[in-house]
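Asks: Handing you a structure now.
The values are calculated or read from the model by the stated rules, or taken from the named source; none is laboratory data. In this text, all values refer to a predicted model and were calculated from it rather than measured experimentally. All Cβ positions, even for glycine, are placed from backbone atoms using ideal geometry, and neighbour counts span all protein chains on display.
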Amino acid sequence: MMPPPDNHPSDPPPDRAAGADARRQDERRDVVEPEAEAAYSIDVVARVSGVSTETILHFHEHGLIAPAVGEAARGECFDDETVHRVRRIEYLRSCYGMQLAAIKLTLDLMDELEQLRAELRARG
């Protein structure tokens, strides 16, 4: 016969485990919730999105991404939306083998759909 467990399943975890969980959650929060209105260099965007700086420049040349508004004068600075967009572009390229023209059309349609949804939400 097995001895009863030290902790009942409804007991809170030991402090040590709670501390580790809190640290992991803080680390995830840092990645998922960046600073409001943050601006990133092309190197940072490349690192967090997993593509090269040359690829990001290629996307920019084809009109798939643009520098953050108001940041263009300071050089290539990008915002959170651009990071998400680069990840989406790379996902469409790698998973579906889409060419850049098809990706641009898809992204434009997705943007238009989001605008329509926002209008509907505003109407109530």
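Asks: Is there any pair linking a residue in region 91-112 that is under 13 Å from residue 64 (Cβ atoms) and touching a residue at least 24 places away in the same chain (Cβ under 8 Å) to one that is aliphatic (A, V, I, L, M) and not in a helix (DSSP H, G or I), with Cβ under 9 Å and at least six apart or on different chains, and which?
Replies: Listed by first residue and then by second, the contacts come to 100/64; 103/64; 104/64; 107/64.
Asks: Restricting attention to region 66-81, does a residue exist that is in a helix (DSSP H, G or I), surrounded by fewer than 12 Cβ atoms within 10 Å (Cβ to Cβ), of a type in the set (A, V, I, L, M) and modelled with pLDDT of 95 or more?
Replies: Checking region 66-81: not a single residue is in a helix (DSSP H, G or I), surrounded by fewer than 12 Cβ atoms within 10 Å (Cβ to Cβ), of a type in the set (A, V, I, L, M) and modelled with pLDDT of 95 or more.
Asks: If residue 98 satisfies every condition in (1) part of a helix (DSSP H, G or I); (2) within 17 Å of residue 49 (Cβ to Cβ); (3) at pLDDT 95 or above but one, which is the exception?
Replies: Failed condition: (1).
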